[in-house]
Amino acid sequence: MDRFAEVDDQYDPHTVQERIFSYWDDVDAYEKTKDHRADGEDFFFVDGPPYTSGAAHMGTTWNKTLKDLYIRYHRMLGYDVTDRPGYDMHGLPIETKVEEKLGFENKKDIEEYGEENFIEECKAFAEEQLDGLQEDFKSFGVWMDWDDPYKTVTPEYMEAAWWGFQRAHERGLVEQGQRSISQCPRCETAIANNEVEYEDVSDPSIYVKFPLKDRDGHLVIWTTTPWTIPANTFVAVDEDLSYQGVRATKDGEEEVLYVAEECVEDVLSTGRYEDYEVVDEVSGEEMVGWEYDHPLREEVPDAPSGEGTCQVYTADYVEADRTGLVHSAPGHGEEDFERGDELGLDIFCPVGGDGVYGDSAGTYAGEFVKDADDDIIADLEAKGLMLHSGTTHHSYGHCWRCDTGIIQIVTDQWFITITDIKDELLDNIEDSEWHPQWARDNRFRDFVEDAPDWNVSRQRYWGIPIPIWKPEDWDGDVEDTIAIGDREELAERVDQDVDPESVDIHKGTVDDLTITEGGTTYTRVDDVFDVWLDSSVATWGTLNYPSETEAFDELWPADLIMEAHDQTRGWFWSQLGMGSAAMGEVPYKEVLMHGWALAEDGRKMSKSLGNIVAPEEAIDRHGADAMRLFLLAQTSQGDDMRFSWDEMAEMQRRLNILWNVFRFPLPYMRMDGYDPEETTVEDVADDLELVDEWVLSRLQTVKDEMGTHLENFEQDKGLEALLEFVVEDVSRFYVQVVRERMWEEEDSPSKQAAYATLYTVLEETVALLAPYAPFVSEEIYQTLTGDAGFDTVHMCDWPEPDQQFWKQGLEGDVEVVRAVEEAGSNARQQAERKLRWPVKRVVVDVGSEDGSDLAGTVEVRADLIADRLNAREVQVVPAEEDWGELTYSAEADMSLLGPAFGDDAGRVMNALNEARVGEASIDALEAAVSDELGEAVELDAEMVEFVRHTPDGVAGTAFEALDGEGVVYVDTTLTEDIESEGYAREVIRRVQEMRKDLDLDMDARIRLELDVSDDRIADLVREHEDLIREEVRAEEFGNVENGHRKTWEVEGVEMEIAVETVAAAEA
RNA sequence: GGGCCAAUAGCUCAGUUAGGUUGAGCGCUCGGCUGAUAACCGGGAGGUCCGCGGUUCAAAUCCGCGUUGGCCCA
């Protein structure tokens, strides 16, 4: 790009974006930036891999934008940043999508299609999704290593998981065993607790009577899952709760029912009993050991009947709710399982992975469990064991992918027994620093403390095969199994011929491999890993460890990871668990936990609510830079973000202000041939004017603030500081002040100083902005630096404050000037005097200073204030003095004056209201009133309220600055001299407007004809002919024949103005 | 049902760490500027600080109980 080239009048994000994309391409900007930092200190960032199903949504966009910001920022700090993106590509969600695509209904369809074929389909699908995601991420300017992402489906990544798992196996943290798990009967696999989605459903609500064996009566239990009753093994009570046996009457028949005392009334009315009497009262503890008959013994002959079954036990999950007695089936419920295990009871689960009863379920065999509910209810009713059967609404778990109701069953699963190293995990947490800190100390710690063993096995296809080979007739001792750590080891130990270089280690390949050692043949277990295990090894998987070791030895563990708060239980956790199990430490040092992107209505974005905003739409409307700024203006510290089109539009507007600031000096710099290398701010240090020094100092402050904010991961505060500097300081103040210097036709040291200042401000501003808004920053940087700068702004060093230009006292001074200016403009507005018209004088009456030298500052900066307020003179009244020209009147409070003066009150009031005094004191007022009335009057301070009066033509407005305060008075009294300049300026403005109508070049010369209807005004205007001539570039005054002619009314005076270019006149 | 987080102007958010008269930007409205100009600048109006209770001389801020939203867990 040519230096100081002409740029678009308006900031158009899309043309900028397109131009920069192709520019980056042309100069290999990304590669050059990385090379530029290749020798820097390492910074190991690890990308949390998004799941490859569907396009990037606003949440992912926010996440990647944050990552991009901090990666760019660290590069500017000099680090050699690891930026390999990752994709999580295995797992059930992709399997179900592919099943849908192929029209499959269950596992049998997959088996028929062939495992290997199915895996290929899954891989192709995931790759396709990956391409879409990459394009999305590139579209808003994320710079990561798109040519070499890590994928959880490649052999070198998969073996990272094998390796980690092998380490855990070696430490004795791998176990196989029965567990109660959530099973999706459609997907026929266990699903993780965090994959269970709860929905409100209607279910049976039954109260069942279990006949007691050695005594009269029944235990009454309540359940919403009749299908679990065949597996009933015991009934649980709370040991401290008080239970009652009640003799209840219904339809003339009596029976004894045992329920918790607190539940008696409710249970009996639910069962429509007419009357009851308490016949027994026992504690839960006393009931332990009571035996009962299994309610479905005839239907399910295999139902639990062994040692210790069908008895009452205590359990801590019992509450005095419903009946206070809990039907417990260790073959199903998780808590039941744990208690049953503790009690040493046999586990009975008559249900298969597909949710269908097996042969052990007796008459229910072959039925799907939920379908069997009705039969079971009918059977219980027929046997007279149903106390009440109804329905209830409650939340019930469903499979997150296919929405099928989950069932709890007990199956064989593989676990990493992280409960064995719970203390180690809790210690390791301390080694990571989190932003915000509460995320670690509250949320994460709570979760880790309660976390159960990690079930890592899934009975599916599209995943990393569990690398365990077990011997024939295995007795369940994990020590007798073989865990393979990588492809090399696989090739060495298996019986078949395997090429470690080319082997794909998905299920289709490894299932048939066997190992024979010590005369025993080992076969692989069928399962694949839970997909959460895949990403848990990302910190070494992304470095291709263990197949490559160099990068790992240098970099591991990760310096930084950043994800949304749902990952507390996801990736943050899985990495801690796997890192601790395999490495004995937490694999990341620093965590940034951001929030979720909510829709404009404050709800989460979802299809069903129809409130989704796609990133493409945002880019379409406002451009990638504005979208990024919007996202980065949100706090990244755990809070959710509320999407807002208005705010995004506002960001575009602010970029437009930057654009205007940027393009304003370009024509002048071009005309004067300004050379930034020849004339730096250091070179012109002696010629810098106050505002130059000031804006340079502000720049140092902003650099300092941004550095601090970004270090604290408060990029929102950093952005705010930068944009405020651009809008408030540079645009609203500096450019306003400096414009006149640039308009000067002659080159001058002052002008060079202004160029150097503005150039420096702009160049450093876009460097600061570059990590946030990479496109517009690049465009501005390239236009400013041309061939003299880096190929890309992203190669720049992060700007650091320069003490030479950092003058905080000066910043304070200008703060005062601006406060005075603001109050002065306000006063002008009150007096209805436009800024174009000079005012005779401005009086700054300092009220209090409170340690700061407010009066002194105003005095020193009087010229600047005069300039800003277009005042002929600035007077300062110090804090200890009053401005002599003020007068005060008083308003009487008649409720106090009346009683005090009785009949004289009226006279006193009139005198009071008319009095004018030079100071707002009760003594002065008394004197004035006494004088008026000719007699002494004693007044009380409470009786009056003083009102300040300014002289005619003067308006005042209060201001505050630097812990002090005061009032700015503007004297708008007209003099001929002022009128003369005022009218002249009115003429100038109108001529300028007409030049614009004609679309004249800035340096075009004109002939001007001026006809003012009022003679006096015409004379006044003539006095400033030279000023007019210069300002509007008029070669001459005279008759205009074919020019642009217009009649204006200026302050009630008619003026006819005509303009033509000199060239046109000559032609 | 439990844990964590949030609720402040019409909108988006500061202010809560450490109690002391709630601020900004946008929007609205009134004005100004007119060589950055389909830009820019100034003034004004606008608040039950989610509700209720408590602690305190004093609560947006601390505590308790709710309501609504978000994440996670059951």
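Is one or more of the residues making up segment A:617-633 among the charged types (D, E, K, R) and within 14 Å of RNA strand B (Cβ to nearest atom)?
Initial filter on segment A:617-633 (among the charged types (D, E, K, R)): A:617, A:620-621, A:625, A:628.
Right, trim to within 14 Å of RNA strand B (Cβ to nearest atom) and you get none.
No, that holds for no residue.
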> Do we find a residue being within 16 Å of A:G355 (Cα to Cα) and out of contact with any Phe, Trp or Tyr (no Cβ under 6 Å at 6 or more places or on another chain) anywhere in segment A:419-432?
Replying inline: no
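In this structure, is A:E585 more than 16 Å from RNA strand B (Cβ to nearest atom), more than 28 Å from A:S432 (Cβ to Cβ) and outside the structural domain of A:E728 (by TED's automatic domain parsing)?
Numbers: more than 16 Å from RNA strand B (Cβ to nearest atom): yes; more than 28 Å from A:S432 (Cβ to Cβ): no; outside the structural domain of A:E728 (by TED's automatic domain parsing): yes.
So A:E585 does not fit the description; no.
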>> For a quick check of your reading of the model, give me the residue pairs whose first member lies in segment A:390-409 and is within 21 Å of A:S180 (Cβ to Cβ) and in contact (Cβ under 8 Å) with a residue 40 or more places away in the chain, whose second is in a loop (DSSP other than H, G, I, E, B) and within 9 Å of RNA strand B (Cβ to nearest atom), with beta-carbon atoms closer than 7 Å and at least 6 apart or on different chains.
In response: A:Q408/A:G333
> Listed residues A:W434, A:W462, A:W474; which is open to solvent by less than 30 Å² (accessible area, probe 1.4 Å) and away from RNA strand B (no atom under 16 Å from the Cβ)?
Replying inline: A:W462
> Could you say whether any residue in segment A:252-275 is open to solvent by 30 Å² or more (accessible area, probe 1.4 Å), over 19 Å from A:M386 (Cβ atoms) and either part of a strand (DSSP E or B) or not assigned by TED's automatic domain parsing to the domain that holds A:D214 (or both)?
Replying inline: yes
> Can you name the residue in segment A:338-368 that is within 15 Å of A:S180 (Cβ to Cβ) and in a helix (DSSP H, G or I) and is also least open to solvent (accessible area, probe 1.4 Å) among such residues?
Replying inline: A:G340
>> Let me spell it out: the conditions are (1) farther than 30 Å from A:F165 by Cα; (2) within 16 Å of RNA strand B (Cβ to nearest atom); (3) surrounded by fewer than 16 Cβ atoms within 10 Å (Cβ to Cβ); (4) not aromatic (F, W, Y), and A:S242 meets all of them except one. Which number is the exception?
In response: (2)
>> Of everything in segment A:436-457, what is over 20 Å from the mean Cα position of the chain (by Cα) and in contact (Cβ under 8 Å) with a residue 24 or more places away in the chain? Give them in sequence order.
In response: A:F447, A:V448, A:E449, A:A451, A:P452, A:D453, A:W454, A:N455, A:V456, A:S457
> Considering A:V153, A:V201, which residue is away from RNA strand B (no atom under 16 Å from the Cβ) and open to solvent by less than 50 Å² (accessible area, probe 1.4 Å)?
Replying inline: A:V153
> Somewhere in segment A:706-723, is a residue closer than 23 Å to A:D9 by Cα and touching a residue at least 60 places away in the same chain (Cβ under 8 Å)?
Replying inline: yes
> A:L380 passes all but one of (1) touching a strand residue (DSSP E or B) at 6+ places or on another chain (Cβ under 7 Å); (2) modelled with pLDDT under 90; (3) assigned to a helix (DSSP H, G or I); which number fails?
Replying inline: (2)
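Given the structure, is A:V410 open to solvent by less than 20 Å² (accessible area, probe 1.4 Å), assigned to a helix (DSSP H, G or I) and within 16 Å of RNA strand B (Cβ to nearest atom)? Even if it seems obvious, please write down each step before you answer.
Values: open to solvent by less than 20 Å² (accessible area, probe 1.4 Å): yes; assigned to a helix (DSSP H, G or I): no; within 16 Å of RNA strand B (Cβ to nearest atom): yes.
When the stated conditions are applied, A:V410 does not pass them.
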> A:L387 versus (1) part of a strand (DSSP E or B); (2) more than 30 Å from A:M578 (Cα to Cα); (3) open to solvent by 40 Å² or more (accessible area, probe 1.4 Å): which is the lone unmet condition?
Replying inline: (3)
>> Just the residues that are in contact with a helix residue (DSSP H, G or I) (Cβ under 8 Å, 6 or more places away or on another chain) and either among the acidic types (D, E) or within 12 Å of RNA strand B (Cβ to nearest atom) (or both), please, taken from segment A:437-459.
In response: A:A439, A:R440, A:R443, A:F444, A:R445, A:F447, A:V448, A:E449, A:A451, A:P452, A:D453, A:W454
> What are the residues in segment A:729-750 that are within 10 Å of RNA strand B (Cβ to nearest atom) and out of contact with any helix residue (DSSP H, G or I) (no Cβ under 7 Å at 6 or more places or on another chain), if any?
Replying inline: A:R732, A:Q736, A:R739, A:E740, A:W743, A:E745
>> Return the pair list, or none, for Cβ contacts closer than 6 Å from residues in segment A:978-998 that are among the β-branched types (V, I, T) to residues that are within 8 Å of RNA strand B (Cβ to nearest atom) and open to solvent by 10 Å² or more (accessible area, probe 1.4 Å), at least 6 apart or on different chains.
In response: A:I988/A:E1031
> Only one of A:I206, A:I181 is surrounded by 24 or more Cβ atoms within 10 Å (Cβ to Cβ) and either in contact (Cβ under 8 Å) with a residue 40 or more places away in the chain or outside any helix (DSSP H, G or I) (or both); which?
Replying inline: A:I206
>> For segment A:437-452, which positions are buried (at least 18 other Cβ atoms within 10 Å of the Cβ) and under 18 Å from A:A581 (Cβ atoms)?
In response: A:F444, A:V448
> Can you name the residue in segment A:794-826 that is in contact with a Leu (Cβ under 9 Å, 6 or more places away or on another chain) and aliphatic (A, V, I, L, M) and is also nearest to RNA strand B (Cβ to nearest atom) among such residues?
Replying inline: A:A819
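Of everything in segment A:751-787 that's among the small types (G, A, S) and either open to solvent by 30 Å² or more (accessible area, probe 1.4 Å) or outside any helix (DSSP H, G or I) (or both), which residue is farthest from RNA strand B (Cβ to nearest atom)? If you could, list the steps in order and put the result at the bottom.
Let us first name the residues in segment A:751-787 that are among the small types (G, A, S), namely A:753-754, A:756, A:767, A:770, A:773, A:777, A:786.
Keeping just the survivors that are either open to solvent by 30 Å² or more (accessible area, probe 1.4 Å) or outside any helix (DSSP H, G or I) (or both) gives A:770, A:773.
On the way: A:A770: 20, A:A773: 16 Å.
Restricting to residues being among the small types (G, A, S) and either open to solvent by 30 Å² or more (accessible area, probe 1.4 Å) or outside any helix (DSSP H, G or I) (or both), the top hit is A:A770.
Take A:Y30 and tell me if it is assigned to a helix (DSSP H, G or I) and either open to solvent by less than 10 Å² (accessible area, probe 1.4 Å) or without any contact (Cβ under 8 Å) to a residue 40 or more places away in the chain (or both). Before the answer, list the steps.
On the way: assigned to a helix (DSSP H, G or I): yes; either open to solvent by less than 10 Å² (accessible area, probe 1.4 Å) or without any contact (Cβ under 8 Å) to a residue 40 or more places away in the chain (or both): no.
Here the answer is no, as A:Y30 does not meet what is asked.
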>> I'd like to know if segment A:744-764 contains one or more residues that are touching a His at 6+ places or on another chain (Cβ under 8 Å), within 24 Å of A:D9 (Cβ to Cβ) and touching a residue at least 60 places away in the same chain (Cβ under 8 Å).
In response: no
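Kindly indicate whether A:N611 is touching a residue at least 40 places away in the same chain (Cβ under 8 Å), more than 10 Å from the chain's Cα centre (by Cα) and either within 13 Å of RNA strand B (Cβ to nearest atom) or open to solvent by less than 20 Å² (accessible area, probe 1.4 Å) (or both).
The answer is no for A:N611.
Within the group A:D566, A:D553, which residue is without any contact (Cβ under 8 Å) to a residue 40 or more places away in the chain, within 16 Å of RNA strand B (Cβ to nearest atom) and open to solvent by 10 Å² or more (accessible area, probe 1.4 Å)? Walk me through how you get there before you give the answer.
Numbers: A:D553 fails: within 16 Å of RNA strand B (Cβ to nearest atom).
Result: A:D566 is the single residue among A:D566, A:D553 that is without any contact (Cβ under 8 Å) to a residue 40 or more places away in the chain, within 16 Å of RNA strand B (Cβ to nearest atom) and open to solvent by 10 Å² or more (accessible area, probe 1.4 Å).
The values are calculated or read from the model by the stated rules, or taken from the named source; none is laboratory data. Keep in mind the model is a prediction, meaning the values are calculated, not measured. Backbone-built Cβ (ideal geometry, glycine too); neighbour counts: all protein chains shown. These area figures cover heavy atoms from the full protein model, side chains too; ligands, DNA and RNA do not enter into them. Shrake-Rupley method; radii C 1.70, N 1.55, O 1.52, S 1.80 Å.
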